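The values are calculated or read from the model by the stated rules, or taken from the named source; none is laboratory data. Just so it is clear, the model here is predicted, and its values are computed rather than measured. Glycine gets a Cβ as well: all are built from the backbone with ideal geometry, and neighbour counts include every protein chain shown.
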Amino acid sequence: MDEEYDAIICGTGLKECIISGLLAQKGKKVLHLDRNSYYGADCASLNLTNLWEKFRPGQDPPAEFGHNRDWNVDMIPKFVMANGKLVKMLLKTTVDKYLEWKTVEGTYVYQYSKGGFFSSGGGKIFKVPGNDSEALKSSLMGLWEKKRCKNFFVYVQDIEEDNPDTWGKIDIKAQPMADVFKKFKLEANTIDFIGHAVAMHINDNYLDEPAYLTIQKIKLYIDSIGRYGEHPFLYPIYGLGGIPEGFSRFCAIHGGTYMLNKPIDEVLFGSDGKVVGVKSGDEEAKAPIVICDPSYVRDTTGNITSVGRVIRSICILDHPIPNTKDSTSTQIIIPQKQVKRGSDIFINMVSGGHAVCAQGLYVAMVSTIVETDDPESEIEPALALLGDVLEQFTTIQDLYAPAHDGTENNLFITTSYDPTSHFESASDDVLSIYKRIFGEDYDLTISAEEGKEEE
């Protein structure tokens with residue numbers, strides 16, 4: 001460890017491992033450290049024994065749950081957008097060749113109705129339409145609303161961001177998204193599922209933001225449909241832990257050095273206030289750049305700020321989630337308004353077919369931003385959709401964001417993982433740090449040769 005490097009990275013979470021891969025791709029000499037004995041940090045996928053050790057220390061898992069080799073349970077549940085930034089980074093670095101994927105079988109959205117004279121009230125889940133043809137078949141909307149929604153999707157698909165002639169009579173760079181919805185006279189529930197289950201916003205702040213930002217997200221969702229199957233999301237066989245492991249392997253092949261079980265006692269700074277390395281016990285490693293997750297600077301001052309809390313609950317089931325057509329993988333989004341909250345609730349479910357649990361079992365993962373002093377009660381609307389739960393493991397974690405951008409002292413800190421059901425915001429964080437380090441964007445363009453390899 002007592003050497004000089006171009007960069008030292010602390011923590012082997014997804015973001016840190018992607019960054020190590022991108023640095024190695026640039027020819028940088030990287031030292032990657034983790035206090036844990038396994039890769040993945042908060043993004044690890046745990047086997048049955050480790051899952052029980054974490055949540056039920058001193059207890060043995062039920063014998064009927066099978067063997068450790070059958071289990072890879074994600075600590076931070078997310079899916080991967082098929083045409084998103086993470087997939088493009090996997091392709092650009094060729095890390096995709098280390099992974100096997102399955103498409104997620106469906107996306108559903110929750111809607112609550114008060115009921116009427118001829119119908120009962122309550123919440124129901126509906127399949128999310130992602131384009132104009134699906135909109136016409138959807139049971140989410142009535143006949144006339146389907147036509148309005150179809151026209152909306154056609155409008156979005158035809159937009160070229162750099163060609164104002166395709167914007168219609170709306171300035172998508174200046175006018176808010178609310179104006180676009182108003183133009184098509186969409187109903188409140190339709191706006192809700194488009195904004196939260198297609199554009200994947202976690203609250204309604206987007207309605208007042210420039211429309212092009214949401215249009216970009218909707219187009220990403222549409223472009224992801226059919227990319228690798230009929231649905232827009234992917235999930236790796238053997239769990240998400242394989243993604244940071246893949247980037248770690250890529251970095252190591254390109255000369256990166258990895259050390260597990262290596263706690264970091266201190267980030268070292270020079271007289272000019274810039275980082276010069278890290279200290280672990282009696283050892284010091286030198287580098288002009290240090291990148292870490294928030295946990296490595298939690299006890300320091302001026303580096304991170306608390307931005308809230310997230311609750312995540314892992315639920316083991318012996319059945320698919322009801323009303324999802326017996327899907328072996330699915331996600332359900334509960335928009336904030338439907339349950340009178342300030343942020344959405346997310347459900348991701350995978351199963352034995354993804355080699356994350358024993359055959360015949362399912363793992364549903366519920367997550368949301370904590371808004372009250374009783375976080376467990378906040379996820380009750382989601383738990384009610386799951387049916388009977390065999391085992392449940394819940395964590396409540398603080399969320400942190402860097403207090404500075406790192407360009408002054410070369411200490412670059414990733415943000416905590418939000419509760420969203422996909423990795424787009426995590427990918428944005430990685431790409432932002434890359435640009436701050438190198439002063440240029442990472443090129444996500446897939447060349448013709450890379451496209452052939454993808455096929």
Which one of these is modelled with pLDDT of 95 or more and surrounded by fewer than 24 Cβ atoms within 10 Å (Cβ to Cβ): 364, 358? 358
Per-region count, region 391-412, residues in a strand (DSSP E or B) and out of contact with any Cys (no Cβ under 6 Å at 6 or more places or on another chain): 13
Checked region 2-41 for anything over 21 Å from residue 89 (Cα atoms) and small (Gly, Ala, Ser); matches are 37
Requiring at least 1 residues that are touching a strand residue (DSSP E or B) at 6+ places or on another chain (Cβ under 7 Å) and of a type in the set (Val, Ile, Thr), the helices (runs of 4 or more DSSP H) wholly within region 97-211 are none
Do any residues in region 15-34 that are in the same structural domain as residue 291 (by TED's automatic domain parsing) have Cβ atoms under 7 Å from those of residues that are of a type in the set (S, T, N, Q) and assigned to a loop (DSSP other than H, G, I, E, B), where the two are at least six apart or on different chains, and which pairs are they? 15/414; 16/414; 32/12; 34/12
Suppose we keep only residues that are touching a helix residue (DSSP H, G or I) at 6+ places or on another chain (Cβ under 8 Å) and part of a strand (DSSP E or B) within region 1-29. Which one would you say is surrounded by the fewest Cβ atoms within 10 Å (Cβ to Cβ)? 7
Looking for something hydroxyl-bearing (Ser, Thr, Tyr), part of a helix (DSSP H, G or I) and either closer than 27 Å to residue 19 by Cα or touching a His at 6+ places or on another chain (Cβ under 9 Å) (or both) - is there at least one such residue anywhere in region 47-68? no
